[in-house]
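Enquirer: Here it is: the structure, laid out below.
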Amino acid sequence: MLGLQLPTDPRWAELVRQDLPELLTDHAWCEQKAASNAISMIVRHPELGDLVTELTRIAQEELEHFRQVVEKIHARGWALGPERKDNYVNELMQFVRKDGSREERLVDRLLFSAMIEARSCERFKVLTEEVADPELREFYRELMISEAGQYTTFIGFARQFGGRVDVDARWKEFLAYEAGVVARYGTAPTMHG
């Protein structure tokens, strides 16, 4: 379903098992950034009522996930650390069109969002299989389902608002680009590290 061309490096799971506080802190900030991304698209496209409604729901869901992750951190006696830079996401953002038509830029932003949700979904699946803590395994199973839904939502909106853009061809380009990016990751105990 997700179409990812390269799976997560298996060494990533071991890094995460060794440093759950780092994973959870980074994950919390990823959720906050996902909420900000949804709000940013609302600001850029207020005229698209269906998009605004759904992105509002997604932003709220992402903030709820942020709250839940922070709860998991505090329940284990840990503190939420400072925000982390997400190099993976920053590299993906370089592929997003900055020029072209308004339609092309919207499609790219939606596909960028879908790509992050797809990779996060895949990483959450790994966590459901590799994390020793049963509560966290169940938590990540629930989030995996949520991310899959958001992935489909973003792809669906890209197709709905794509107009003359060949969304499927552009998605294939995103998948190929992302495979090149993710090949350099899997070396840190962070969500996309």
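Each reported figure results from applying straightforward, stated rules to the coordinates on display, with no laboratory input. For clarity, every value in this text was computed on a predicted model and none was experimentally measured. Backbone-built Cβ (ideal geometry, glycine too); neighbour counts: all protein chains shown.
Enquirer: Given Cα pairs under 8 Å that are at least 6 residues apart, what percent is the relative contact order of the chain?
Expert: The value is 35 percent.
Enquirer: At 10 °C and 1.306 mPa s, grab the translational diffusion coefficient of the range 85-170 from Stokes-Einstein with a Kirkwood Rh over Cα pairs, rounded to a whole number in µm² per second.
Expert: Result for D is 114 µm²/s.
Enquirer: TRP29: net charge of surrounding residues, Cβ under 10 Å, Lys/Arg +1, Asp/Glu -1, itself excluded?
Expert: Residues close to TRP29 contribute a combined charge of -1.
Enquirer: Roughly how tilted is helix 167-182, in degrees to the nearest 10 and between 0 and 90, from the longest Cα axis of the chain?
Expert: That works out to roughly 30 degrees.
Enquirer: Is it possible to state the helix-based mean residue ellipticity at 222 nm for the chain, with each DSSP H run of 4+ residues giving -39500 (n - 2.57), the sum divided by total residues, to the nearest 500 deg cm²/dmol? What is it?
Expert: -25000 deg cm²/dmol
Enquirer: Then there is this: Rank the residues THR53, THR153 as a footprinting-exposure proxy: fewest other Cβ atoms within 10 Å of their Cβ go first.
Expert: Placing the least packed residue first, the sequence is THR53, THR153.
Enquirer: Give the angle, between 0 and 90 degrees and rounded to the nearest 10, that separates the Cα long axis of helix 49-75 from the longest principal axis of the Cα atoms of the chain.
Expert: For 49-75 against the chain, the angle is about 10 degrees.
Enquirer: I've got another one for you. Helix 134-161 versus the longest principal axis of the chain: what is the Cα-based angle in degrees, 0 to 90, to the nearest 10?
Expert: 10
Enquirer: Ok, one more. For ILE145, ILE116, what's the fewest-to-most ordering of other Cβ within 10 Å of each Cβ?
Expert: Least crowded to most crowded, the residues run ILE145, ILE116.
Enquirer: So, in nm, how far is label ASP50 from label ASP19 when the simple model puts each one 7 Å beyond its Cα toward the Cβ?
Expert: 4.3
Enquirer: Turning to a different aspect of this structure: Output needed for the chain: three equivalent-ellipsoid semi-axes, defined as square roots of 5 times the C-alpha gyration tensor eigenvalues, in descending order, whole Å.
Expert: Equivalent ellipsoid semi-axes, largest first: 28, 19, 14 Å.
Enquirer: Assuming 1.002 mPa s and 20 °C, estimate D for the range 136-188 with Stokes-Einstein, Rh taken as the Kirkwood radius over Cα pairs, in µm²/s.
Expert: The Stokes-Einstein estimate is 161 µm²/s.
Enquirer: Return the inverse of the average 1/r over all pairs of distinct C-alpha atoms in the range 1-95, which is the Kirkwood hydrodynamic radius, in Å to one decimal.
Expert: Across the range 1-95, the inverse of the average 1/r is 15.2 Å.
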